[in-house]
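Encoded as structure tokens, the structure appears first; notes follow it.
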């Protein structure tokens with residue numbers, strides 16, 4: 001595997017649909033209510049992709065430095081190999097990414113996130129000097145710091161069982177409400193907390209199933225909610241997260257003017273049922289199939305939910 005392929009592997013592109021799910025849902029809900037500039041939506045998506053890649057790169061570097069990514073880890077191998085000290089791939093011909101190379105990638109992703117985020121605010125609000133722009137700049141700085149501090153630093157919160165809170169806040173509430181606000185310049189009441197919470201619960205579920213899969217390798221180096229609960233209770237927790245997500249979005253639709261198109265997201269229900277079946281019947285490396293299934297299900301869920309409200313206009 002070449003250096004470029006290692007870099008792409010470290011970006012963990014299969015996670016991008018999950019990060020885009022929230023901002024696309026927020027943007028589509030805004031489009032259903034207001035006139036929105038398409039350039040703003042594109043910049044929101046680009047900013048989100050850069051933040052997700054930044055988080056993934058930082059996560060890999062932090063795990064490698066802490067010795068979490070060992071050969072016993074059941075998940076896929078990324079650009080730094082099974083551990084920070086790894087030097088060559090299985091053929092012994094090419095080296096994995098070094099710590100210095102990974103740090104350069106992280107800096108590049110952070111700069112790209114800042115650039116696209118600033119452009120997003122400038123295009124949407126026309127200035128950096130209004131209170132809305134200043135608040136969004138501060139929120140963006142907090143998102144970058146949170147992405148880096150997840151597993152990096154002396155006391156990373158991802159190693160203290162706090163990852164679920166971070167994911168719910170940034171992948172759910174900030175993602176949906178933030179994108180809606182950037183598009184619409186307003187937030188229409190508390191009801192928007194329901195779809196935002198839906199994406200938050202599903203995103204936490206993605207993290208939780210990842211932690212259930214990696215329980216054996218994580219036990220020596222980190223604390224996760226899955227480890228604190230144990231396998232059986234972690235599976236119950238996973239089921240509760242999925243059910244809460246569905247309940248919140250269903251409640252949001254019922255609180256609006258009734259229309260069958262608002263419930264298009266129910267087409268993804270078999271996918272979530274399949275996901276829970278895998279969670280309850282598989283473990284270790286065999287559970288890895290449940291991860292992309294949940295990510296893609298959440299992405300499809302968001303698109304169908306958002307388009308369902310946009311279609312109501314026509």
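Read-outs throughout are calculated quantities, based only on the coordinates presented, and are distinct from any laboratory measurement. From a predicted model like this one, the values you see are computed outputs, not experimental measurements. With ideal geometry, Cβ positions are generated from the backbone for all residues, glycine too; neighbour counts draw on all protein chains shown.
Quick check on segment 143-218: take the gyration tensor over C-alpha atoms, sort the square-rooted eigenvalues as a ≥ b ≥ c, and tell me if it's rounded (a/c under 1.5), prolate or oblate. Let's see the in-between values first.
Details: a/c = 3.55, a/b = 1.81, b/c = 1.96.
It comes out oblate by the Cα gyration axes.
Could you check the simple spin-label distance between residue 42 and residue 190, using points 7 Å along Cα→Cβ, in nm with one decimal?
Spacing of the two 7 Å Cα→Cβ label points: 3.9 nm.
Can you give me the angle between helix 99-125 and the longest principal axis of the chain, using Cα atoms only, in degrees from 0 to 90, rounded to the nearest 10?
It is inclined by approximately 10 degrees.
Sorted by mean Cβ packing within 10 Å, highest first, what order do the peptides 196-205, 265-274, 237-246 take?
196-205, 237-246, 265-274
Length gain on complete extension for the stretch residue 13 to residue 260, per 0.36 nm per residue less the alpha carbon to alpha carbon distance?
Between residue 13 and residue 260, full extension yields 85.6 nm more.
At a 10 Å Cβ-Cβ cut-off, how would you order 58, 19, fewest neighbours first?
With the sparsest Cβ surroundings first, the list reads 19, 58.
Here are a few candidate values for semi-axes √(5λ) of the Cα gyration tensor in Å: [x] 32, 25, 16; [y] 35, 20, 18; [z] 30, 22, 19. Which one was actually calculated from the structure I just gave you?
[x]
If neighbour count is taken as other Cβ atoms inside 10 Å, put 120, 215 in order from fewest to most. Numbers along the way, then the final one.
On the way: 120 24, 215 19.
Ascending number of Cβ neighbours within 10 Å: 215, 120.
Using the count of nearby Cβ atoms within 10 Å as a rough guide to exposure, how do 214, 63, 259 rank from fewest to most?
Arranged by neighbour count, lowest to highest, 214, 63, 259 become 259, 214, 63.
So for the pair residue 128, residue 286, with labels modelled 7 Å out along Cα→Cβ, what separation do we get in nm?
Placing both labels 7 Å along Cα→Cβ, they lie 5.4 nm apart.
Report, in deg cm²/dmol and to the nearest 500, the calculated mean residue ellipticity at 222 nm for the chain, where each DSSP H run with n ≥ 4 adds -39500 (n - 2.57) and the sum is divided by the residue count.
-21500 deg cm²/dmol
From the Cα gyration tensor of segment 188-311, with a ≥ b ≥ c the square roots of its eigenvalues, which class applies: rounded if a/c is under 1.5, or else prolate if a/b is larger than b/c, or else oblate?
Verdict is prolate for segment 188-311.
At 7 Å along Cα-to-Cβ for each site, give me the label-to-label distance between residue 240 and residue 135 in nm.
The two pseudo-label positions are separated by 3.2 nm.
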